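J.: This is the structure I want to talk about, given as structure tokens.
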Amino acid sequence: MKFLIKNILRIIPVLFIISLIVFLLVRVTGDPVSLMLPETATDAERAQLRESLGLNDPLYIQYFTYLGDLITGDFGESFRYNQPALGLVLERLPASFGLAFASMLVATLISIPLGILSAIKRNSFIDLFITGGAVLGKAMPNFWLGIMLILLFSVQLNIFPVSGTGSLMHFVLPAITLGTAIAAEMTRLIRSSMLEILGQEYIRTARSKGLLEAVVVNKHGFRNALIPVVTIMALQTATLIGGTLITETVFSWPGMGQLLIQAVNLRDMAVVQAATFIIALLVIISNLLADLAYRYLDPRIKYD
Amino acid sequence: MKKLLTFGLLFVLVFSLVACSSNSSTSGDEGSVEKKTEDDKELVIATGADMVTFDIHDHNTTSTEAIHVNMFNYLVKRGEDGFDPDLAESWENVDDNTWKFKLREGVKFHNGEELTADDVKFTLERVANDNKLLEHGNYSQIKEVKVINDLEFEIITHQPEPALLNRLSRLGSGILPSKYIEEEGWDKFLENPVGTGPYKFVEWKKDDRVVIEANSDYFGEAPKWNKVTFRAIPEDSTRVSELLTGGVDIATNLPPSDWERVKDNEATEVAQGPTQRVMMLVLRQTEGHATSDPKVREAIDLAIDKQAILDSLMEGSGTVTRTRVTPGNTGANEDLYGKTLYDPEKAKQLLKEAGYGDGLELKLSAPNGRYLKDKESAELIQAMLGEVGIDLKLEFLEWSSFADKYASKSFDDMFLIGYGNSMFDAALALDRLSSKQAEGETDYNNPEVDKLLEEAMSNMNAEERAKQYQKAQEIIAEERPQIYLYQLDAVYGVNKGLNFEPRLDEMLYVDDITVK
Amino acid sequence: MRMFSRIEVKKELTLEETKTDKKAYSLKWLKVLLNSKTGTLGLIIVVFMVLMAILANVIAPHDPAQTDVVNRLVPPVWAEGGNPDYILGTDNLGRDILSRIIVGSRVSLLVGISAVFLAGAIGLVLGLISGYYGGFFDRVIMRTVDAFLAIPNILFMLIVLAVIGPSLMTLIFVLGATTWVMYARMVRGETLSIKERDYVRSARAVGAKDIRIISRYILPNIISSFIVIATLNVATTIILESSLSFLGLGIQPPDVSWGLMLSDGREYLATSWWVATFPGVAITITVLGIIFLGDWLRDVLDPKTKTN
């Protein structure tokens, strides 16, 4: 309990710093006015809009206004949609969550067996194939993979729908696209944590006692490897959310990633701030949960 | 060695994936799309960007208006020749500042309310008076809407406004239900918009789709489709793939690289038509810039083979032009349209005469990704100017940085831009070249052009006004504060079972789209 | 810092327990290099790429910016319709893809390496301050690290680049400014553990200055794991750059990078596969080489997880 409170308290300064970073990012040099108006707008129209958006106040006043609003949960209004930014972001969360969950599922299904297999068969052909595949998976940019998958599985083979949402089939290609990069990273991490465990004293003891290899791996190895896997999964949260930015654009998935990209392009700063904040909060919470799970799974862990 | 072998194998796998997906594209029948048939009463259109808002006064996006036109009606419609009635049955010019309109009888909004002159007053005065709205600038000429009775009203302008009908037949001119909005509030309207058009609102899932359905009470011809879906698919290749697999019936902004594929496919075809957007180079005439010399400007114009750019980048679509006021606009100078100048030898000669025989270095700023093939066009222009001895330094700016520089008028010698014109009138197109507007940007200053533009601005004699604009265009084409390159085409991928004619204004009137 | 990544911290800690004996080092390096085929391969690839970047202007068969409207989208020489002038074919403006890959290696590697240097420098300084002095600085720096970790890299970069506009310098700056946190955490962890060792304690007891302790005892112990992480990060940075290009915020023409070529080529994936494929292969091979090299360095520098 004490651990939990301590960690939750620690979130506060982190959030404060995030608010400062986000504010500086979007306000210091950004002038949304020229983006909001068409090429043919006049100077008077620009000045008018700037004034009405409060962009003429000194920077620190803008920051404190912003911070005050933030504490009351007011992230301002999206000028693109004329709606409260926070609502827009929350409205998109389910779609992004769905995609992230499906991708994590794909990544887990791929990486756990492959990671363990390559650790057990260390330096064999299989191991090399898997680690090699992981490098390729990592080096392949998301957008490229996504477009390739559409061309092959939708246009050529006509198995999956091209884009959009609506059915379970719609999840397959985006989830594979986003899941691949995550799987590549996770496979590497699982392999090395598995190797570490397999190299440990008690496994060697178990082996020397003449236990079957399968039993050793299953009973001693896998169970202990599971603990870091939980952490590894939680650590991918930031990467996962980052990946939705590109994957959602390729598959026109109506989630937070697309909202954010368009908000950045149009300098719809209220939305950018709200979304960044929510994402940061999600990452922090998932890491906190991972910590809790870790404690629960492995009671030997002690915290100073 | 084993590791190397493995990678060799993996590479082969990835490559065969690439090969699989590309080679077969030459076979001529990709995807599984079937032709649209008569009993299919649903239409799906894929656009490159999501709709922006249902506040028709607070956006300036053509692609959003393209959807709205199916749900709202203007007072008058731009027709082949002049203006056609829409919500307004008839109109007349009472005096220079007063226009009298009579509404069609028995028009109902989607919520059952009857259309009256009060709705017109509410709609037009809102955008004319609220300077926070993005369309305000295009309606602020309206002083007042005077309601005479339920069906009759007068629009009074501050100054004589020859282009009033142009203003009333475009983005922001849809008539809104005043009672509904006043009773339920704007938020409710934005969530559940109500208009008079042939289709009514069903659903808007942001960054995904807008769905509308037939309005059986429509005052005009009965709607042809039961349900129409506009899907937002920003990634070009995804949009094309949807078309090829039959996921959508029409895809807008088809990238030139995919035209061949779409044509080769049995059930899809390419439809293209001119738009209001004209690509141009804008040149600074400020003292100290080489471009202040008219010979240098002419040399630049003559050195660029505009048709070659269209041929190599846009598969030949688009039309070369020497004016920005293209046919279909009030005041267009058709003598300058479809014409272009290209004579590299003379360009070299002119440069020599101007004292730049040994070469000249200029800087061109261009946006990257804003207009069709903008980056590639600039790169070709660079190569073409290189041929006549102009060393062109290119500066590419992603749109937001470009827009910043544009607003602060801080480009160097020249910049590349594509202007649209939703007003369909020469006034908007040439306004930027009056000495007052041009100050700091091109610094173009020609008293004769100033005079022509100013007189035309409030000239209620349509014929004389058009002549004034045509004359101004002639002078501009000779003096080249802007060098016009070409008018862009809009290109659509269309299911072969459909009749679809691209419109100059890029609106997507779905009832004009029919099954063959 | 417990909030994040226990695994990474743990791995970093084991990495760091390197010995300072320099002679043993060079011997081991040589031995492992000879033993490791992949390490050798990685080294060869990396050296090849670096040489290519340095000599780009000499070895590129064509001017990478030279457009040739007649020879647009020419397939590679071995494919039907290929032209021996353009070994890997041409892009949509008729520019030679091979030359663009060769010249593009400059920007790609420059961005990758400079960003890693910048991130490493920031991370090293802040990590040292944080670990060595502790207290208030430590708390502020570590909370800042937490904050940065909570914002996905790509998102951070997207916002900054959209605001200040993409250019070679801003790209390097942004990539550096987002990835410094992992160095800071690693350096802090190492510093904390080394600080408590007997020889550091005794040096302190005799009144050695902080600067001396850091440069004499702490830095040499950190540098090997630092190099490993930095090497692997060059690969990550090159990949990130291509994602930024997809979003239109990467390298801007007339500069050319592999990421930009890949992203521009995506429009032609279905019709002219070579435009996007070859820059993709260049990225993959380079990433592969760097990872091999990094793994090999790890084996050398960290006896614990050595592959035989």
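J.: Using a 1.4 Å probe over the heavy atoms of the protein chains, calculate the carbon and sulfur portion of the accessible area of segment C:25-301 as a whole percent.
T.: 68
J.: Is there a simple number for the mean count of other chain Cβ atoms within 10 Å of the Cβ of residues in A:7-17, and what is it?
T.: The shielding value for this peptide is 4.
J.: While we're on this one: Count charges around residue C:104 for me, please; just the other residues with Cβ under 14 Å from its Cβ, Lys/Arg as +1, Asp/Glu as -1.
T.: Computed value for this residue: -3.
J.: Can you give the percent of C-alpha pairs in segment C:148-274 whose distance is more than 21 Å?
T.: The calculated P(r) of segment C:148-274 puts 55 percent of pairs beyond 21 Å.
J.: Give me the distance in nm between label points sitting 7 Å out from Cα along the Cα-to-Cβ direction at residue A:82 and residue A:60, one decimal.
T.: If labels sit at residue A:82 and residue A:60, their model points lie 3.7 nm apart.
J.: Find out how many positive minus negative residues lie around residue C:213, taking Lys and Arg as positive, Asp and Glu as negative, among other residues whose Cβ is under 15 Å from that of residue C:213.
T.: Details: positive: C:195, C:197, C:201, C:204, C:209, C:212, C:216; negative: C:190, C:196, C:198, C:210.
With Lys, Arg at +1 and Asp, Glu at -1, the net is +3.
J.: Do any residues of segment C:109-153 lose at least 10 Å² of accessible area when the full set of protein chains is present rather than just their chain alone, and if so which, with a 1.4 Å probe?
T.: Listed by number, the residues meeting the 10 Å² cut-off are C:143, C:144, C:146, C:147, C:148, C:149, C:150, C:151, C:152.
J.: With 21 Å as the limit, write out which pairs from B:339/B:467; B:451/B:471; B:206/B:375; B:295/B:348 have Cα-Cα distances beyond it, or answer none. Walk me through the intermediate numbers first.
T.: Values: B:339/B:467 19 Å; B:451/B:471 11 Å; B:206/B:375 30 Å; B:295/B:348 10 Å.
From B:339/B:467; B:451/B:471; B:206/B:375; B:295/B:348, over 21 Å: B:206/B:375.
J.: At 222 nm, what value in deg cm²/dmol follows for the protein assembly as shown if DSSP H runs of at least 4 each add -39500 (n - 2.57) and the sum is divided by all its residues, to the nearest 500?
T.: The per-residue figure over the protein assembly as shown is -17000 deg cm²/dmol.
J.: Would you be so kind as to identify all helices of chain B, as entire DSSP H runs, whose Cα atoms reach 30 Å or more along the helix's own axis and whose mean Kyte-Doolittle hydropathy is at least -0.5?
T.: B:2-23
J.: Any idea how far the Cα center of segment A:87-131 sits from the one of segment B:210-284, in Å?
T.: 36
J.: Nothing charged except the Cβ atoms of Lys and Arg (+1) and of Asp and Glu (-1): what's the magnitude of the dipole of segment B:461-510 about its Cα centre? Round to the nearest 20 debye.
T.: Charge dipole of segment B:461-510: 100 debye, to the nearest 20.
J.: Could you run the numbers on buried accessible area between B and A, total for both chains, 1.4 angstrom probe, in Å² to the nearest 100?
T.: 4800
J.: Same structure, new question: Can you list which of the DSSP-assigned H helices in chain C have a Cα extent of 30 Å or more along the long axis and an average Kyte-Doolittle score of at least -0.5?
T.: C:97-128, C:168-195, C:219-246, C:274-301
J.: Taking GluC sites (Glu not before Pro) as exposed when DSSP calls them loop (any state but H, G, I, E, B) and at most 12 other Cβ atoms lie within 10 Å, what is the longest stretch of chain C free of them, the sites themselves excluded? Please report the intermediate quantities before stating the final value.
T.: Numbers: sites that count: C:80, C:196.
Counting at most 12 other Cβ atoms within 10 Å as exposed, the longest clean stretch of chain C is C:81-195.
J.: Further question: Which peptide among B:76-85, A:140-149, B:100-109 comes first, and what is the full order, when sorted by highest mean count of other Cβ atoms within 10 Å?
T.: Top of the packing list down: A:140-149, B:100-109, B:76-85.
J.: Once A and C are treated as a pair rather than alone, how much accessible area drops out, both sides summed, in Å² to 100, probe 1.4 Å?
T.: The A and C chains share an interface burying roughly 4700 Å².
J.: Here's a follow-up. Could you work out how much longer the chain between residue C:285 and residue C:78 gets when fully extended? Use 0.36 nm per residue separation minus the Cα distance between them, nm to one decimal.
T.: 72.4 nm
J.: Ordered by packing density, taken as the mean number of other Cβ atoms within 10 Å over each peptide's residues, highest first, how do A:230-243, A:187-200 rank?
T.: A:230-243, A:187-200
J.: Just to verify a number: FRET efficiency for residue B:131 and residue B:501, C-beta to C-beta distance, R0 = 51 Å, to 0.05?
T.: On the way: r = 38 Å, r/R0 = 0.74.
That gives a FRET efficiency of 0.85.
J.: Would you mind giving the mean number of other chain beta-carbons within 10 Å of the Cβ of each residue in A:281-288, as a whole number?
T.: That works out to 3 on average.
J.: Something else about it: Enter the mean number of other protein chain beta carbons within 10 Å of the beta carbon of each residue in A:156-167, as an integer.
T.: Rounded to a whole number, the mean comes out at 6.
J.: Given a cut-off of under 8 Å on Cα pairs at least six residues apart, what relative contact order in percent is computed for chain C?
T.: 27
J.: In addition: Calculate, for residue A:93 and residue A:44, the FRET efficiency according to 1/(1 + (r/R0)^6) with r their C-beta to C-beta distance and R0 51 Å; round to the nearest 0.05.
T.: Taking R0 as 51 Å, the efficiency between residue A:93 and residue A:44 is 0.80.
J.: Evaluate the distance, in nm, between pseudo-label points positioned 7 Å from the Cα of residue B:460 and of residue B:227 along their respective Cα→Cβ axes.
T.: Output for this residue pair reads 5.2 nm.
J.: Quick one: net charge around residue A:253, please, counting Lys, Arg +1 and Asp, Glu -1 for every other residue with C-beta under 9 Å from its C-beta.
T.: Working: positive: none; negative: A:248, B:207, B:208.
Spelling it out: positives minus negatives among the neighbours equals -3.
J.: While we're looking at this one, here's another question. Could you calculate the FRET efficiency of residue C:110 with residue C:193 from 1/(1 + (r/R0)^6), where r is the beta carbon distance between them and R0 is 41 Å, rounded to 0.05?
T.: Once the sixth-power term is evaluated, E becomes 0.75.
J.: Let me have the relative contact order for segment B:185-260, percent, based on Cα pairs under 8 Å that are six or more residues apart.
T.: Dividing the mean separation by the residue count of segment B:185-260 yields 19 percent.
J.: Also, I was wondering about something else. Label point 7 Å out from residue C:204 along Cα-to-Cβ: which residues of segment C:135-162 have amide N under 15 Å?
T.: Once the point is set 7 Å along Cα→Cβ of residue C:204, C:135-136, C:138 turn out to lie under 15 Å by backbone N, inside segment C:135-162.
J.: Points 7 angstrom from Cα along the Cβ direction at residue B:448 and residue B:148: gap in nanometres?
T.: Output for this residue pair reads 4.4 nm.
J.: Same structure, new question: Which of rounded, prolate or oblate describes chain B when judged by the alpha-carbon gyration tensor and an a/c cut-off of 1.5?
T.: Verdict is oblate for chain B.
J.: Which order, highest average first, do A:270-278, B:255-263, B:447-455 follow once you tally other Cβ atoms within 10 Å for each residue and take the mean per peptide?
T.: Numbers: A:270-278: 26.4, B:255-263: 20.1, B:447-455: 15.4.
For the peptides A:270-278, B:255-263, B:447-455, the packing ranking is A:270-278, B:255-263, B:447-455.
J.: Oh, and also: Which percent, to the nearest 5, of DSSP beta bridges fully inside chain B are antiparallel?
T.: Here the antiparallel bridges make up roughly 75 percent for chain B.
J.: Give the span of segment A:93-297's Cα atoms along each principal axis, as three whole-Å numbers ordered largest to smallest.
T.: 65, 42, 28
J.: Can you say what percent of the DSSP beta bridges in the protein assembly as shown, counting only those with both residues inside, are antiparallel? Round to 5.
T.: Bridges in the protein assembly as shown are about 75 percent antiparallel.
J.: Continuing with this model, one more query. If you roll a 1.4 Å probe over the heavy atoms of the protein chains, what accessible area per residue do you get for the protein assembly as shown, in Å²? Could the numbers behind the result be given before it?
T.: Values: 44290 Å² over 1128 residues.
I get 39 Å² per residue for the protein assembly as shown.
J.: When the chain is fully extended, how far beyond the present Cα-Cα distance does residue B:334 get from residue B:111, taking 0.36 nm per residue of separation? Spell out each step's value before the answer.
T.: Values: separation 223, 0.36 × 223 = 80.28 nm, distance 4.54 nm.
Computed gain between residue B:334 and residue B:111 is 75.7 nm.
J.: Alpha carbon centre of segment C:138-177 versus segment B:161-175: separation in Å?
T.: 46
J.: Looking at this model, which pairs from B:36/B:188; B:188/B:405; B:188/B:224; B:263/B:363 are more than 31 angstrom apart at the alpha-carbon?
T.: Too far apart for the 31 Å limit: B:36/B:188; B:188/B:405; B:263/B:363.
The values are calculated or read from the model by the stated rules, or taken from the named source; none is laboratory data. What you are looking at is a predicted structure, and each value in this text was computed from that prediction instead of being measured. Heads up, the Cβs are rebuilt from the backbone with ideal geometry, glycines too, and the neighbour counts pull from every protein chain shown. Quick note on the areas: whole protein, heavy atoms, side chains included, nothing else; ligands and nucleic acids left out. Shrake-Rupley method; radii C 1.70, N 1.55, O 1.52, S 1.80 Å.
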